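What follows is one structure encoded as structure tokens, with my remarks underneath.
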Amino acid sequence: MTDSEDLVSAYADDAERDAEVSVRPKRLSDFIAQHRVRDQLDLLLQGAMRRGAPPDHILLSGPPGLGKTTLANIVAAELGTGIRVTSGPAIERSGDLAAILTSLAPGDVFFIDEIHRIAKPAEELLYSAMEDFRVDVVVGKGPGATAIPIEVEPFTLVGATTRSGLLTGPMRDRFGFVAHLDFYSPADLEILLHRSARILGVPITDEGAVEVARRSRGTPRIANRLLRRVRDFAEVRAEGVVTLETAQAALKVYDVDALGLDRLDRAVLSALIDSFRGGPVGLSTLAVAVGEQPDTVEEVCEPFLVRAGLLARTPRGRVATEAAWHHLGRTPPNGTFSSSSGPTPDLFTAES
Ligand SMILES: Nc1ncnc2c1ncn2[C@@H]1O[C@H](COP(=O)(O)OP(=O)(O)OP(=O)(O)O)[C@@H](O)[C@H]1O
Ligand SMILES: [Mg+2]
């Protein structure tokens, strides 16, 4: 993660995923917030351990960076089992999947990330494995082909998806436990930041944590990333301590504003307000105005701007809300669209 434009993206590249390992909670008791999911998972896992059988298959859904991979690893750690990891796009042929399934040890956790991207034949193979712990391996071709059933050790499938709407009905039905992860409140992210700072050996004050937390878009991954950047700044330009002042100064250098918007997010709002008097304006026109592809504006900027109550999508086009005018320090003209829920309460609740 070198490009400052990506500093508040919820996605991670491989280098960042490596950097995340050190601060990743290993046990359920270290997993911050998400109390409902935690309680339910705790019951599920305890119950299974009492019965001495693997728990139901678990589906974890939610936006990137909220803790799905973390929870999958925690499930295996709590059960004291092994974990095998793959992802939907990595399973090209159903034979690859059969090979993994038949090599699982009893009780193993099998984690499939991005499970909504699994190919159809592999998905069908997975059905019988999940339901009956059996896979049918087809031998031969044409009319002479026969399916040989092979037993699979009892296992727990943990599926993760950022797009649960793309899962097929039969797939979803085979999970006995479905958890949806929501965005975190600033207070939760403060706790998370104190924990990460302790692990990384970075002194951070309460005010410093508050400041980083509220710019983190409700996302642990972004909070941890901003902490690493603020630490760099604190070590090079200040006494190594993350205080309110160092956090503010650092995030100014990195162009992350008080609500966690980056340069492109602000460019979109400025264009809407300055060039189109707040809108409504069509997506492609807006994209041209900021020199980006429509896809980038729609997929990278808009979800958070909408969630933050700064931008609205209306049938006639994109509109800057009253809160957006205020955020850029402008006075909205009369009759400006005001997001019904306003920026703050809406900011940390998931879009349904
Ligand atoms: N509840 C939590 N408590 C502490 N740290 C967390 C929590 N949730 C996530 N994190 C941290 O946030 C980072 C991202 O989490 P994780 O990789 O599990 O997200 P994800 O949902 O799998 O994202 P993606 O969809 O991109 O795969 C990790 O470094 C993890 O340590
Ligand atoms: Mg993940």
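So here's what we get for this one:
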quantity	calculated
Distance histogram for segment 34-180 (every C-alpha pair counted, 10 angstrom bins, percent rounded to whole numbers)	11, 43, 34, 10, 2, 0
Rg followed by Dmax, in Å, when segment 186-253 is reduced to its Cα trace	10.1, 28
Estimated 222 nm signal from helices in the chain, with DSSP H stretches of n ≥ 4 weighted -39500 (n - 2.57), rounded to 500	-12500 deg cm²/dmol
Rg/Rh (Cα only; Kirkwood hydrodynamic radius) as it applies to segment 263-347	0.92
Rounded to 5, the percent of DSSP beta bridges in segment 34-180 classed as antiparallel	25 percent
Sorted peptide list for 183-195, 243-255, 222-234, 145-157, criterion being average Cβ within 10 angstrom, highest first	222-234, 183-195, 243-255, 145-157
Ranked packing of 210-221, 109-120, 125-136, 44-55, most packed first, by mean Cβ within 10 Å	210-221, 109-120, 125-136, 44-55
DSSP-defined beta bridges in the chain - what % are antiparallel, rounded to 5	40 percent
Surrounding net charge for ALA234, when Lys and Arg each add one and Asp and Glu each subtract one, Cβ distance under 13 Å	-1
When the chain is reduced to its Cα atoms, the Kirkwood hydrodynamic radius in Å	22.4 Å
The chain: angle of helix 220-237 to the longest principal axis, Cα-based, in degrees nearest 10	50 degrees
Computed over segment 133-229, the ratio Rg/Rh where both radii use C-alpha atoms and Rh is Kirkwood	1.29
Angle in degrees between helix 186-200 and the longest Cα principal axis of the chain, rounded to the nearest 10	70 degrees
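Computed from the coordinates by the stated procedures, all read-outs in this text should not be read as laboratory data. Being a predicted model, the structure only gives us computed values, none of them experimental. All Cβ positions, even for glycine, are placed from backbone atoms using ideal geometry, and neighbour counts span all protein chains on display.
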